[in-house]
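Below is one structure, written out as structure tokens; comments come after it.
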Amino acid sequence: MNDFMKKDDADNWNERYRKLLDSLNIGYTLQDMEENILDVNETLLRMTGTRREQVVGHNNREFYTKKEFERMQEIALPLQQKGAYQFEFILPTVSGERIPVLYNSFINKDSEDRPNSINVMVTDIREQKKIQAELESANRALVSSREVLEKEKRKLEAILFGIGDSVTIFDLDGNLLLSNPRGMQIRGGRRTPLLPLRSGAQSELTLTADGEQHKFLGQVEVVRDDEGTPFAFVELLRDITDRVKLREREQELIRIKRELRRDGLRTEMVGVSGAMQKVFDLILRCAEVDSTVLIQGETGVGKELAALAIHSQSSRKDKPFVAVNCGALPETLLESELFGHVKGAFTGAISERAGLFREAHGGALFLDEVGDISQALQVKLLRALQEREIRPVGGDRSHPVDVRVIAATNKDLRELVESGRFRHDLYYRIAVIPLRIPPLRERTEDILPLAEHFIKKHGRKLKRPAGGLDHAAQQVLLEYSWPGNIRELENAIEHALAMARGPLITPENLPVQVVMGEPARKQEGTSQTLTSQAAEVEKAAILAVLRKYHGNRTRAAAELGISRTTLWRKITMYHLQ
């Protein structure tokens, strides 16, 4: 869908751009980087005497002699490094005439900043060449009359007008000497420089031209005499409004594309909080590059889900995503898992194993709990990331691998680096882009949407009708601290669905540690919450207040200084129903 939108917008833009240049009597051609002609306007066809089908789909070299084409390549290719450039050359016509023209070219780039096409504007400068020849002839004749000098000035202005840019010349003191018509139009009555008069000064300016705001790229160059002595400054203003609009359009297309991808991301991860929106943004940005990512967060926050989301939105999405929990395997087994082994490398190695790096070739390798890797294995992992090759255990040759590594940890790797338990060079290699997923207690806005997501997910598995949470159960979930994060919440919902008898989940259906407001803990059969004596005192106080207000829990909770949910918990705990 996004590619279709982008092509449609680009086609509309090209059509408007062709018509604009036609109205200015400027030729236009769109070429790919191999000089194949993709589009032309009517002015260029008129200039060359050709029909559209004779040009579009053909290569530039078909219209020039071999010598002419090689000369044009010799001029243009070095200039392409600048992105925007111009040069004089000739334009072949059907009649065999070679028209002198000025080529103004601009390199288009894709979203990854790679050149993919060239916009070329073609201006017929025969009249300017004729005027220039007359000027040179006049100079050679050394005609000194005032009238001729004024004529030369007008001719020079005519040449400057042909450039299409604002050109203004100042003396060394900043006094205006000459400005072409475009320059006078843009400047209005201003006679002072718009930029500092020093060679190489450059800036983007917003000025009013033709009654509208235009963007200009301003540049100053020094003019020197034959002995190299400066005697004037030229201030050149190039109108880049269309280029800026195109750039803004490309940014808008990138934004639209990112929003469409964000919609896809929301089907994989649930979160409405501002903190998770930032996580989603970073996931999408991580997907657009191929750098190593370090995902940090407590156990149960969904680090592997985030890693999978990065992979599924990236250019490697059609390649393998391979995950391994580095903390769940002993060092020797983990090394074999990652890098593989040859037959006979150790006892039990009865056959060769490729290893996870090679299994993930072209895709992504997710290293969960990377902070648990031993220092010896850290060295080998660092070498694999630096050299992009691995050597199997017991092997005598290396294998190249193309793998994007996404690492995750619930530990503070910086602290491990400072204590010498984790290599600093490996840390900087895997933490090119750090991504922190906040714990659930820091984003309570996500608790109920996540709970509803898990009710639907496990309701389908248990073949239960779609239900939800009653208000009291929602309050319980919101007040609990969720030390186990999303994983604990999912387990609690699955437990509640199994316990519930009606369509709605009530507090009675939730695990006891959630209802009691803290994880269940046992210590030699003794309660960690209240001593028996304190419990009796609290029970009596609650019962007395309830009797006072004839069972009105709202008024009783207000007098006790606790919430209605907490009062409900106490009533349940002390069997005061």
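The values are calculated or read from the model by the stated rules, or taken from the named source; none is laboratory data. Keep in mind that this is a model prediction, so the values were computed, not measured. Here the Cβ positions follow ideal geometry from the backbone for every residue, glycine too, while neighbour counts run over all protein chains shown.
Just a few scattered comments:
- Those residues of the stretch 552-576 which are touching a residue at least 40 places away in the same chain (Cβ under 8 Å), surrounded by fewer than 17 Cβ atoms within 10 Å (Cβ to Cβ) and of a type in the set (Val, Ile, Thr), in sequence order: Thr566, Thr572
- Odd one out for Leu44 among (1) surrounded by 13 or more Cβ atoms within 10 Å (Cβ to Cβ); (2) over 21 Å from Gly83 (Cα atoms); (3) out of contact with any Gly (no Cβ under 6 Å at 6 or more places or on another chain): (3)
- Candidate set: the stretch 314-338, residues that are among the hydrophobic types (A, V, I, L, M, F, W, C) and either over 35 Å from the mean Cα position of the chain (by Cα) or not assigned by TED's automatic domain parsing to the domain that holds Glu304 (or both); chosen: the one surrounded by the most Cβ atoms within 10 Å (Cβ to Cβ): Leu329
- Criterion applied to Gly83, Gly57 was being in contact with a strand residue (DSSP E or B) (Cβ under 6 Å, 6 or more places away or on another chain) and either assigned by TED's automatic domain parsing to the domain that holds Gly27 or hydrophobic (A, V, I, L, M, F, W, C) (or both), and the one residue passing it is Gly83.
- For the stretch 339-391, a residue qualifies if it is free of Cβ contacts under 8 Å to residues at least 40 places away in the same chain and under 30 Å from the mean Cα position of the chain (by Cα), and the qualifying residues are Leu356, Glu359, Arg383, Glu387, Arg388, Glu389.
- Cβ pairs under 7 Å, 6+ apart, first in the stretch 478-492 and at pLDDT below 95, second in a helix (DSSP H, G or I) and among the polar types (S, T, N, Q): Leu478/Thr444; Glu479/Thr565
- Checking each residue of the stretch 494-506 against the condition of being among the charged types (D, E, K, R) and farther than 26 Å from Val293 by Cβ gives at least one match.
- Pairs meeting the criteria (first residue in the stretch 81-92 and farther than 20 Å from Pro115 by Cβ and among the small types (Gly, Ala, Ser), second residue surrounded by fewer than 17 Cβ atoms within 10 Å (Cβ to Cβ) and at pLDDT below 85, beta carbons under 9 Å, at least 6 apart or on different chains) are lacking.
- Against the numbered list (1) over 30 Å from Gln378 (Cα atoms); (2) in a helix (DSSP H, G or I); (3) among the aromatic types (Phe, Trp, Tyr), Trp482 comes up short only at (2).
- The stretch 26-56: number of residues that are under 14 Å from Ser117 (Cα atoms) and of a type outside the set (Ser, Thr, Tyr): 11
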